[in-house]
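This report refers to the structure that appears directly beneath it.
Derivation of every value follows stated rules applied to the coordinates shown; laboratory data play no part. Predicted model, so just to flag it, every value in this text is computed and none were measured. Positions of Cβ are generated from backbone atoms using ideal geometry, with glycine treated the same way; all protein chains shown enter the neighbour counts.
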């Protein structure tokens with residue numbers, strides 16, 4: 001794991017000094033938009049407007065699309081029924097849909113990397129048309145974690161989306177590390193492979209370890225996926241050992257929603273290490289061995305209470 005870089009202090013920028021002027025945003029000459037607009041018309045949609053993004057100058061299209069031609073990107077998290085129902089109620093109450101989804105054209109359909117909850121709410125309301133802000137560059141679909149601020153992701157959702165994105169990119173020649181922005185953290189990839197195997201994993205208990213020992217790989221992404229699956233097996237082996245220790249603690253009458261995190265914190269020697277890099281296998285093997293030998297007889301209820309919070313067990 002490379003040394004952590006110091007945070008770079010953002011330089012102050014004078015107000016009103018960045019990006020396009022209002023007149024420049026309305027300059028709509030763009031071959032990319034022309035092609036996209038023609039496809040939208042051919043697909044039964046309607047172009048409502050076009051402009052250039054005032055920050056980066058990217059040409060964008062505002063379009064009305066048939067709802068039945070729009071679907072979420074295949075690697076997205078599952079929608080929350082509660083959130084969808086809440087959105088339905090709001091749209092019905094105010095009688096206006098004011099928040100366009102983000103969309104790209106994929107084959108003869110449209111994908112939304114940001115807006116699935118809104119899309120599902122409109123579908124359930126029986127609406128025929130959804131307004132979308134369309135980006136000509138299909139690569140924006142892989143910026144899903146950065147884009148999606150509609151409903152905060154939990155760790156499981158982020159991890160599953162990240163590993164699904166990696167699988168979708170698996171046939172490319174690029175390295176895993178070249179997608180560092182899209183994936184955000186290497187831990188999401190390893191935990192994503194874990195969640196695929198064990199959906200009810202308490203992944204938060206192991207994230208602190210992975211933050212110290214995991215890193216983006218310079219292998220082609222297809223090869224890197226196999227390594228992620230191998231690393232996931234190590235984490236699941238650790239989870240088995242930690243689960244056994246937790247069950248022994250429960251059998252002794254100890255109670256806490258943080259028992260798993262307590263055990264992990266006791267066996268995770270990297271917490272107090274000043275080292276800036278760790279070998280993944282060597283570190284995990286040591287931690288797993290400590291978890292297997294964990295002495296529950298030396299643990300008291302007050303020890304667990306003193307350990308405080310951390311991610312509660314998801315059991």
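Every helix of 4 or more DSSP H residues in the chain counts as -39500 (n - 2.57), and over all residues that averages to -13500 deg cm²/dmol at 222 nm.
Please work out the FRET efficiency for the pair residue 306 and residue 86, using the Cβ-Cβ distance as r and a Förster radius of 51 Å; give the result to the nearest 0.05.
Details: r = 39 Å, r/R0 = 0.77.
Plugging the Cβ-Cβ distance into 1/(1 + (r/R0)^6) gives 0.85.
For a label point 7 Å from the Cα of residue 108 along Cα→C-beta, name the residues of the range 50-88 whose backbone N is under 13 Å from it. Answer for the range 50-88: 69. Against the main long axis of the alpha-carbon atoms of the chain, helix 204-213 sits at an angle near 90°.
One decimal place: the segment residue 251-residue 14 gains 79.0 nm when fully extended, by the rule 0.36 nm per residue minus the C-alpha distance.
The angle separating the long axis of helix 280-292 from the principal Cα axis of greatest extent in the chain is about 50 degrees.
Rounded, prolate or oblate: which fits the range 1-120, taking a ≥ b ≥ c as square roots of the Cα gyration tensor eigenvalues, rounded meaning a/c under 1.5, else prolate when a/b beats b/c? Verdict is oblate for the range 1-120.
Take the Cα of residue 292, step 7 Å toward its Cβ, do the same at residue 227, and the gap between the two points is 2.5 nm.
Shape class of the range 155-306 from the alpha-carbon gyration tensor: prolate, with a/c at 1.5 or above and a/b greater than b/c. The angle separating the long axis of helix 221-251 from the principal Cα axis of greatest extent in the chain is about 50 degrees. Protection proxy ranking, highest mean first, for peptides 94-105, 61-72, 254-265: 254-265, 61-72, 94-105, where packing is the per-residue count of other beta-carbon atoms within 10 Å, averaged.
Which of the peptides 232-245, 26-39 is most tightly packed, and how do the rest follow, judged by the mean count of other Cβ atoms within 10 Å per residue? Provide the component values of the computation, followed by the final result.
Details: 232-245: 19.4, 26-39: 14.6.
Those peptides, ordered most packed to least, come out 232-245, 26-39.
Would you work out if the range 61-172 is rounded, prolate or oblate? Take a ≥ b ≥ c from the square roots of the eigenvalues of the alpha-carbon gyration tensor; rounded if a/c is under 1.5, else prolate when a/b is larger than b/c, oblate otherwise. Taking the square roots of the gyration eigenvalues as a ≥ b ≥ c, the range 61-172 is oblate.
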